[in-house]
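K.L.:
Pasting a structure here, questions to come.
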Amino acid sequence: MAMVDEPLYPIAVLIDELKNDDIQLRLNSIRRLSTIARALGEERTRKELIPFLSENNDDDDEVLLAMAEELGGFVPFVGGVDHATVLLPPLEILSTVEETCVRDKSVDSLCRIAAQMRDQDLVDSFIPMVKRLASGEWFTARVSSCGLFHVAYPSAPEGLRTELRTIYNQLCQDDMPMVRRSAASNLGKFAATVEPSFLKTDIMSIFEDLTQDDQDSVRLLAVEGCAALGKLLEPQDCVAHILPVIVNFSQDKSWRVRYMVANQLYELCEAVGPEPTRSDLVPAYVRLLRDNEAEVRIAAAGKVTKFCRILSPELAIQHILPCVKDLSTDSSQHVRSALASVIMGMAPVLGKDATIEQLLPIFLSLLKDEFPDVRLNIISKLDQVNQVIGIDLLSQSLLPAIVELAEDRHWRVRLAIIEYIPLLASQLGVQFFDDKLGALCMQWLKDKVYSIRDAAANNVKRLAEEFGAEWAMQHIVPQVLDMINSPHYLYRMTILHAVSLLAPVLGSEITCSKLLPVVVEASKDRVPNMKFNVAKVLQCLIPIVDQSVVENTIRPCLVDLSEDPDVDVRFFATQALQSSDQVMMSS
C-alpha cells in the first residue's frame, strides 16, 4: 500500500504544510518546491502543483517572496521552454500583491522566464499578460508591468510594438505617482530595446513629460534616465535633449533631485561628452558645490576629483578650486569628510605647482580638523600626494601634522597613521625615518588600546622587511626587547607578539642569539596569560631555528610549561610539544 501511495506523498505533505498555521513550516515547504517538483515529474507539476500555487493566496509576505523566487528557476521542472507559459499565471498574481519586495521578485522571475521563452509564446502569452497588468485596476499591477516591457518589446511584431509604446506612454502619465516612478526608473531599459527612429520621437517625448512631473520622487528617477538615454542617443541629440534637462535639474526646487544630479554627475558628463561638460556643466556643478542643502554638497564634494579629471587643470583651478576651499571649512562635518576622502586625488590632476600653492594648505587644515573621520580620510590617501609634490616637501609641510596625529586622542586616527607608516618609511628612506618616526613606532607598542599595540607589532615587522635585518638589529630589536621588562603584562604580551612576527623576517641566527633567550626567560613570568603566549611563540619558532636548538632549548622549556598548574598553559605547551614532534618526524 505504501508503495502505491508514495508518489502522492510529497504533494500531500506540501498541501498540508502550506495550510499549516506555522509560518516556518509553510516557508520550508515553499523552499522545497524544486525537490517536490522533481518527485512529482513534469506533467503532474504542470497539472497539479502550479494550479495549486496559483490558487494559494498566502497572507504572509515572506512565503510569497520565497514562492516568487523559486518559480523563476522552475522552467526545467515543468518540461522546459515548451511549457514555460504555465508559470506565468502564479507569477502574474504575485505581481499584483501589495508588498513591494514580492512584486519586484515576481518581475525578476518573469524576466528570467521570458528570456528562455520562444518568440511565439511571448507574443501569445507573455505580452497579453503585460497588457493585463498595465491596465490593472489596482496600481500594484501597473507598477509591476513597467518592469516587463523591455523583455516583451523585442519579440513583438510591428503592430504590437506601437501598442506597447502607447501603453508605456500612458503609464508615464498615470494618476498614481508610484506607477509614474516605476515607469521612470524602467525607461532606460525600455529605451534600449526601442528602434532608433522611435527613440527620438516617442521615448524622448515620454522622457520630457517625466522631467516636468510635479512629484520630485518621479523627477529624481528621471535623472537616472538622463545618463541611460544619453548613451543611446547620438552626441548632437544628447546635447540638444539631455543637456538642458541636466542643467534645469541642477537648479530644481527639490533638494532630492539636485542630490541625484550631484550623485550621477560623472555619468551625465560621460553621456554629453567633454565639450558640453566644460561649457555647460561646470557652472551647474559649481552651483551644486555651493548648494544650501548639506546632503547635496556631500554628494557633489564626493565627485570633485572625478569631475576635475574631465576638465583641463586651468579650468579646475579657476572654477572648482575656490569651491573646494570653501568646502574645506564647511559647517557640516560630513561635507568636510566627503571632501577629505577624495581631495588627495586632485593632486595628480592639478600638477605639482598648483598642489603646492593651492591644495597643501587645504590638506593641512583638514588634517587638523576637529572631526576624526575628516583627519582619517586625509591620512589614508597621503600616498597620492607624495607622488606629485615629492617627499622633501611632504616631510616639511605634512610630516609635523602626521606626528601630531600619531598621538591623536581618537585611536582610529592613530591606527590609520600606523598603517601608513611603512609606506611613508619606504618613501622617506632610512635616515629620515630614524630621525623623525623611529621613536613613535616604539611608543605605539605601549598604547592603551589593544588594536594599536597589535598594529604596532605588525608595523615593526613591516619596517624590518623594508629596511632589512641589519637595520632592525640596530634600531628595532634592542628597544623592543627592553620592553619585555615592562611592569604591565599586556605590554609584555605585545612584545611576545612582536617577537613571533620578527623571527621569520630576521632569520635563524638572530632569532637564536637575541629573541629566543628573551622568550625562554618570559616563560618564568608569574602571569599565566604570558606563559601560554610563550608556548604559542615557541611553537612559531620551531620551524625557524635549527633542530639542535629545538632539542636543547625549546623542548625543555615547553616540558616545564606542560607541568604548569594553570590548565591553559598546559594545553598550549602540550600543543607546541606535539608540533615539535611532527617537525622532528618530518625532518
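K.L.:
Regarding the stretch 472-587, what's the average projected area of the Cα-atom convex hull, expressed in nm²?
P.N.:
6.5 nm²
K.L.:
Right, here's the next one. Please give the residues of the stretch 463-504, grouped as numeric ranges, whose backbone N is less than 20 Å from a label point set 7 Å along the Cα-to-Cβ vector of Asp546.
P.N.:
503-504
K.L.:
Give me the log10 of I(q) over I(0) for the chain at q = 0.07, 0.12 Å⁻¹, as the Debye formula computes it from C-alpha points; what are the numbers?
P.N.:
Evaluating at q = 0.07, 0.12 Å⁻¹ gives log10 I(q)/I(0) of -0.75, -1.02.
K.L.:
Of Ser586, Met530, Ala464, which is farthest on the positive side of the dipole of the stretch 433-587, counting Cα position, with +1 on Lys and Arg Cβ, -1 on Asp and Glu Cβ, and the Cα centre as origin?
P.N.:
Of Ser586, Met530, Ala464, it is Met530.
K.L.:
Kindly express, to the nearest 10 degrees and within the range 0 to 90, the angle between helix 158-172's C-alpha long axis and the longest C-alpha principal axis of the chain.
P.N.:
Relative to the chain, helix 158-172 is tipped by roughly 70 degrees.
K.L.:
Put one equal scatterer on each alpha carbon of the stretch 20-158, apply the Debye formula with no solvent term, and list log10 I(q)/I(0) at q = 0.20 1/Å to two decimals.
P.N.:
Each listed q corresponds, in turn, to -1.20.
K.L.:
Now for a different question. Mind giving me the nanometre distance, one decimal, between the label points for Tyr489 and Glu404, set 7 Å out from Cα along Cα→Cβ?
P.N.:
4.0 nm
K.L.:
State the extension gain, in nm to one decimal, for the chain segment bounded by Asp353 and Ser312, taking 0.36 nm per residue of separation less the distance between their alpha-carbons.
P.N.:
My answer for the length gained is 13.3 nm.
K.L.:
Find, to one decimal place in angstroms, the Kirkwood hydrodynamic radius of the stretch 448-534, where the mean of 1/r is taken over every pair of different Cα atoms and then inverted.
P.N.:
Averaging 1/r across every pair of different Cα atoms and inverting gives 13.0 Å.
K.L.:
Mind checking the full-extension length gain between Asp482 and Cys101? Use 0.36 nm per residue of separation minus the Cα-Cα distance, one decimal, nm.
P.N.:
So the chain would gain 131.0 nm between Asp482 and Cys101.
K.L.:
Follow-up. Cα-based Rg of the stretch 224-267 per 2.2 N^0.38 Å, rounded to two decimals?
P.N.:
Taking N as the residue count of the stretch 224-267, the ratio is 1.12.
K.L.:
What do the square roots of 5 times the Cα gyration tensor eigenvalues come to for the stretch 292-382, in whole Å, largest first, as semi-axes of the equivalent ellipsoid?
P.N.:
Semi-axis lengths for the stretch 292-382 are 19, 15, 11 Å.
K.L.:
Here's a follow-up. So how much accessible area does Trp255 have, in Å² to the nearest 10, using a 1.4 Å probe?
P.N.:
Probe radius 1.4 Å; accessible area of Trp255 about 80 Å².
K.L.:
If you roll a 1.4 Å probe over the chain with all protein chains in place, what percent of the accessible area is carbon or sulfur?
P.N.:
The nonpolar share, carbon plus sulfur, comes to 50 percent.
K.L.:
To the nearest 10 Å², what's Tyr489's accessible area with a 1.4 Å probe?
P.N.:
Probe radius 1.4 Å; accessible area of Tyr489 about 70 Å².
K.L.:
Would you mind working out the accessible area per residue for the chain, using a 1.4 Å probe, and quoting it in Å²?
P.N.:
It amounts to 45 Å² per residue over the chain.
K.L.:
To the nearest 0.05, what FRET efficiency results for Asp124 and Ser217 with a Förster distance of 30 Å applied to their C-beta separation?
P.N.:
0.25
K.L.:
Roughly how much of His488 is accessible, in Å² to the nearest 10, using a 1.4 Å probe?
P.N.:
Rounded to the nearest 10, that gives 80 Å².
K.L.:
If you wrap a convex hull around the Cα atoms of the stretch 112-187, how much volume per residue is inside, in Å³?
P.N.:
In the stretch 112-187, the Cα hull volume divided by residue count equals 80 Å³.
K.L.:
Specify, per residue and in Å³, the volume enclosed by the convex hull of the alpha carbon atoms belonging to the stretch 144-252.
P.N.:
Each residue corresponds to 83 Å³ of Cα convex hull volume.
K.L.:
Just to make sure I understand: if all protein chains stay in place, what is the order of Phe74, Phe571, Phe532 by accessible area at 1.4 Å, largest first?
P.N.:
I get Phe571, Phe532, Phe74, largest accessible area first.
The values are calculated or read from the model by the stated rules, or taken from the named source; none is laboratory data. Bear in mind the structure is a predicted one, so any value in this text is a computation, not a measurement. Heads up, the Cβs are rebuilt from the backbone with ideal geometry, glycines too, and the neighbour counts pull from every protein chain shown. These area figures cover heavy atoms from the full protein model, side chains too; ligands, DNA and RNA do not enter into them. Shrake-Rupley method; radii C 1.70, N 1.55, O 1.52, S 1.80 Å.
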